[in-house]
Amino acid sequence: MAMAMARSGIQAALRRGVRSSPSKKTFSSSAHHDDAHETAKWEKITYLGIATCTVLAIYNLSKGHPHHEDRPAYPYLHVRNKEFPWGPDGLFEVKHH
């Protein structure tokens, strides 16, 4: 039984590769950059993005927009074939009496 455990331990070591010294675990995010440096970089990018979006919004809102003329009052747009129960005017129209 001890021989089987030793053999499985040796096989596992060969699969992993033999390391001469125990090394510190390194993750891909901290391989080349410091975390504080990355945080500061993205904070600056965020503030720059906020400022850019604010400037563009102010520019777009200050340009104005086109105003269209009122539609002509064509008589065929308000065709009424029968009187309304509440009178000759529409329910929400201003009454001219």
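Nothing in this text is a laboratory measurement; each read-out follows from the coordinates by a stated rule. Predicted model, so just to flag it, every value in this text is computed and none were measured. Using ideal geometry, Cβ is built from the backbone for each residue, glycine included, and neighbour counts are taken over all protein chains shown.
Some observations on this one:
- Whole-Hz couplings from phi, Karplus 6.51/-1.76/1.60, listed for segment 40-52; x for Gly and Pro: 5, 4, 6, 5, 5, 5, 5, 5, 5, x, 5, 5, 5
- Taking label points 7 Å from Cα along the Cα-to-Cβ direction, LEU48 and ASP70 give a separation of 5.2 nm.
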